[in-house]
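Everything on this sheet refers to the single structure shown next.
The values are calculated or read from the model by the stated rules, or taken from the named source; none is laboratory data. Please read these numbers as outputs of a predicted model, since none were measured by experiment. Note that we place each Cβ from the backbone using ideal geometry, even for glycine, and neighbour counts take in every protein chain shown. Just so you know, the surface numbers come from the protein's heavy atoms only, side chains and all, with ligands and any DNA or RNA stripped out. Shrake-Rupley method; radii C 1.70, N 1.55, O 1.52, S 1.80 Å.
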Amino acid sequence: MTARQLALDVLNRIEQGDAYANATLDAALNQSDLSPRDRAFATELVYGVTRRNRALDWLYTHHLNRTPPLNVINALRLGTYQIIELATPPYAAISETVNLVAPKHRGLLNAVLR
């Protein structure tokens, strides 16, 4: 499991179950075998997306005709956060984020993030 996969999984759990970010993230990190650097990256992604959730939604929603599934919404937030807030090179953020969702949603995610 990568840091991005863990972050997306935690974000989905938070949204689906009204769980707290800190408890959900801690439990996921304790079960993972991520390096300290990847654990820090996953933590930044989860807390950053959670903190900037509305602003991130505003940035990409005007590119959508309808609301995608929750996991795609969280992947859009994750990719947007990496590009806008962390200044991750777009090609890296988009490529890695697109690979996190089911193949049928990859085209949408790729188009909106680009």
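Can you name the residue in the range 57-108 that is of a type in the set (K, R) and modelled with pLDDT of 95 or more and, of all such residues, is farthest from the chain's Cα centre (by Cα)?
K104
Name every residue in the range 1-24 that is assigned to a helix (DSSP H, G or I) and not aliphatic (A, V, I, L, M), in order of residue number. Spell out the reasoning first.
Here is the first cut: in the range 1-24, the ones assigned to a helix (DSSP H, G or I) are 3-17, 21-24.
Within the range 1-24, R4, Q5, D9, N12, R13, E15, Q16, G17, N22, T24 meet the criteria.
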message: Can you pull out every residue in the range 86-102 that is open to solvent by less than 10 Å² (accessible area, probe 1.4 Å) and either assigned to a loop (DSSP other than H, G, I, E, B) or free of Cβ contacts under 8 Å to residues at least 12 places away in the same chain (or both)?
response: V101
query: Quick check, is R106 open to solvent by less than 30 Å² (accessible area, probe 1.4 Å), among the charged types (D, E, K, R) and part of a helix (DSSP H, G or I)?
result: no
query: Somewhere in the range 62-85, is a residue open to solvent by 20 Å² or more (accessible area, probe 1.4 Å), part of a helix (DSSP H, G or I) and touching a Lys or Arg at 6+ places or on another chain (Cβ under 7 Å)?
result: no
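Taking the range 25-50 as the region of interest, how many residues are assigned to a helix (DSSP H, G or I) and open to solvent by 20 Å² or more (accessible area, probe 1.4 Å)? First the steps, then the outcome.
Taking the range 25-50 first, the residues assigned to a helix (DSSP H, G or I) are 25-31, 36-50.
Filter again for open to solvent by 20 Å² or more (accessible area, probe 1.4 Å), leaving 26-27, 30-31, 36-41, 43-44, 47, 50.
Qualifying residue count, the range 25-50: 14.
Against the condition over 13 Å from the mean Cα position of the chain (by Cα), among the aliphatic types (A, V, I, L, M) and assigned to a helix (DSSP H, G or I), how does A111 come out, does it pass? Let's see the steps before the verdict.
On the way: over 13 Å from the mean Cα position of the chain (by Cα): yes; among the aliphatic types (A, V, I, L, M): yes; assigned to a helix (DSSP H, G or I): yes.
Considered against the rule, which asks whether it is over 13 Å from the mean Cα position of the chain (by Cα), among the aliphatic types (A, V, I, L, M) and assigned to a helix (DSSP H, G or I), A111 comes out as yes.
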query: Is there a residue being among the small types (G, A, S) and at pLDDT 95 or above anywhere in the range 10-26?
result: no
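Across the range 51-61, what is the total count of residues that are open to solvent by 60 Å² or more (accessible area, probe 1.4 Å) and either part of a helix (DSSP H, G or I) or on the phi > 0 side of the Ramachandran plot (or both)?
Matching residues across the range 51-61 total 5.
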